[in-house]
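Bear in mind that the values in this text are calculations on the coordinates, not laboratory data. Keep in mind it's a predicted model, so treat the numbers as computed, not measured. Don't worry about glycine lacking a Cβ; one is built from the backbone with ideal geometry, like all the others, and counts go over all protein chains shown.
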Ligand SMILES: *Cc1c(COP(=O)(O)O)cnc(C)c1O
């Protein structure tokens, strides 16, 4: 069999199992109402939580930055790609998160790869929550350190593993979790995680992709959500500019020594062209909008509460979600796809999530809310969904 035939066989097999993935194309910006694959639809699928991707101030900042700094940065950061707008954004992110310093990557996924590939060291031990984002796991693999995954949110198991790692003389121990789990919408118990990490002299890396701009009274993230004042010594944050901040790119925030080490050692930073200035400027403006226009965050949470209540009234559980990510678990892939199709036929796009992203028996529709959704959007969706059979 030729290698192309081998690839095709793999694709055919995935299709037969209902696991084939294909691209859908959206005309226009990421908003609740749009045209997807030529069909007018209302979507509950984006991570544009605050609607900032097309906020006039954010768009204007990107346009002005293109005129001032160019469409592309022209080089990797250490060569000649680190522009004044990156420096400003790094200072704004550090201040937003309450960190000593921050570093802007070309993507959140690259920030995760960079952070996890460097911090443990080859002789280290990485302990990952089983449901962390794929890029934290991939970064840990690049580090060469030993990797152990612990059951989701199982603090007892984590404590035991931390003790074992210390007893075995691991050089550095890194614990990595998501602030908000992207498929379940539940929140990491930061105070307990910090206490465990501190007690075992471990580094705690928290991926703030879905909490930045979303959690805390001012959208500052997980620390604000738990009312933790001051920077915990063992903490390093990673995150993306591409979700609530409505732009593109990623960051790491933490102690200055961490940031300087990443500048020197992190291959996904050193060997990637610096983020394009329009994306950096858009994220910078979004941080200002988040502080100055609290109405977007208030609407996001009001919408989330309304839809969660509407689903519950129809018998659909969204447990364990505590956030605008609402999983509606249906079971096998075929059932999730059938439900996705039924909603598509009614004019609503809610993506079905299948293996390998979630376990085979826990396929789900993943609803995500934004500040731009209105009651007319979800009332139609809930009607199309109907009561849980
Ligand atoms: C989206 C996401 C990322 C990746 O960020 P990008 O900027 O899209 O590369 C990392 N971690 C989590 C938890 C995410 O959901």
Item checked: Relative contact order (%) - criterion: Cα under 8 Å, at least six apart; region: segment 54-120 -> 14
Note to self: Quick check: pseudo-label points 7 Å beyond the Cα along Cα→Cβ at residue 39 and residue 84, how many nm apart are they?
What the structure shows: 5.0
Item checked: Exposure proxy order (Cβ contacts within 10 Å, fewest to most) of 39, 243, 97, 159 -> 39, 159, 97, 243
Check: Cα gyration tensor of segment 1-149, axes a ≥ b ≥ c as square roots of the eigenvalues: rounded (a/c below 1.5), prolate (a/b > b/c) or oblate?
Finding: oblate
Note to self: Modelling each spin label as a point 7 Å along the Cα-to-Cβ direction, I'd like the residue 228/residue 293 distance in nm, to one decimal.
What the structure shows: 3.1
Notebook entry, point to check: What is the log10 of I(q)/I(0) for segment 236-389, computed with the Debye formula using one identical point scatterer on each Cα and no solvent, at q = 0.18, 0.21 Å⁻¹?
Noted result: -1.09, -1.24
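Rounded to the nearest 5, what % of DSSP beta bridges with both residues in the chain are antiparallel?
On the way: 24 of 44 bridges.
Around 55 percent of the beta bridges assigned by DSSP in the chain are antiparallel ones.
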Notebook entry, point to check: If you find the alpha carbon centre of segment 191-243 and of segment 52-89, how far apart are they in angstrom?
Noted result: 26
Check: For segment 27-89, what's the relative contact order in percent, using C-alpha pairs closer than 8 Å and at least 6 residues apart?
Finding: 17
Next item on the list: Could you check the simple spin-label distance between residue 256 and residue 338, using points 7 Å along Cα→Cβ, in nm with one decimal?
Entry: 6.2
Notebook entry, point to check: What FRET efficiency do you get for residue 270 and residue 164 if R0 is 25 Å and r is their Cβ-Cβ distance, rounded to the nearest 0.05?
Noted result: 0.15
Check: To two decimal places, what compactness ratio does the chain give when its Cα radius of gyration is scaled by 2.2 N^0.38 Å?
Finding: 1.00
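If you stretched the chain out fully between residue 21 and residue 95, how much longer would it get, using 0.36 nm times the residue separation minus the C-alpha to C-alpha distance? All intermediate terms of the calculation are to be shown ahead of the outcome.
Values: separation 74, 0.36 × 74 = 26.64 nm, distance 3.96 nm.
Result for the pair: 22.7 nm of gain on full extension.
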Checklist line | Inter-centroid distance (Cα atoms) of segment 2-20 relative to segment 93-108, Å | finding: 41
Next item on the list: Could you compute the FRET efficiency for residue 217 and residue 306, with r as their C-beta to C-beta distance and R0 at 22 Å, rounded to 0.05?
Entry: 0.65
Check: With the Cα gyration tensor of segment 245-312 giving a ≥ b ≥ c as the square roots of its eigenvalues, does the rule (a/c under 1.5 for rounded; else a/b larger than b/c for prolate; else oblate) give rounded, prolate or oblate?
Finding: prolate
Next item on the list: Over every pair of different alpha-carbon atoms in segment 78-207, take the mean of 1/r and invert it; report that Kirkwood radius in Å.
Entry: 15.5
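Can you tell me how segment 39-80 classifies by the Cα gyration tensor, rounded, prolate or oblate, using a/c under 1.5 as the rounded cut?
prolate
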Next item on the list: Select from 111, 134, 84 the residue whose mean-square fluctuation is largest in a Gaussian network model of the chain (Cα-Cα springs shorter than 10 Å).
Entry: 84
Notebook entry, point to check: By how many nm would the segment from residue 375 to residue 357 lengthen if fully extended, with 0.36 nm per residue of separation less the alpha-carbon distance?
Noted result: 3.5 nm
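At a 10 angstrom cut-off on C-beta neighbours, averaged per residue, how do the peptides 252-265, 47-60, 13-26 rank from highest to lowest?
Details: 252-265: 18.8, 47-60: 20.4, 13-26: 11.3.
So the order, starting with the most tightly packed, is 47-60, 252-265, 13-26.
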Check: What relative contact order, as a whole-number percentage, does the chain give when Cα pairs under 8 Å and 6 or more residues apart are counted?
Finding: 23
Margin query: Within segment 104-142, list the residues whose amide N lies under 18 Å from a label point set 7 Å along Cα→Cβ of residue 152.
Written below: 128-137
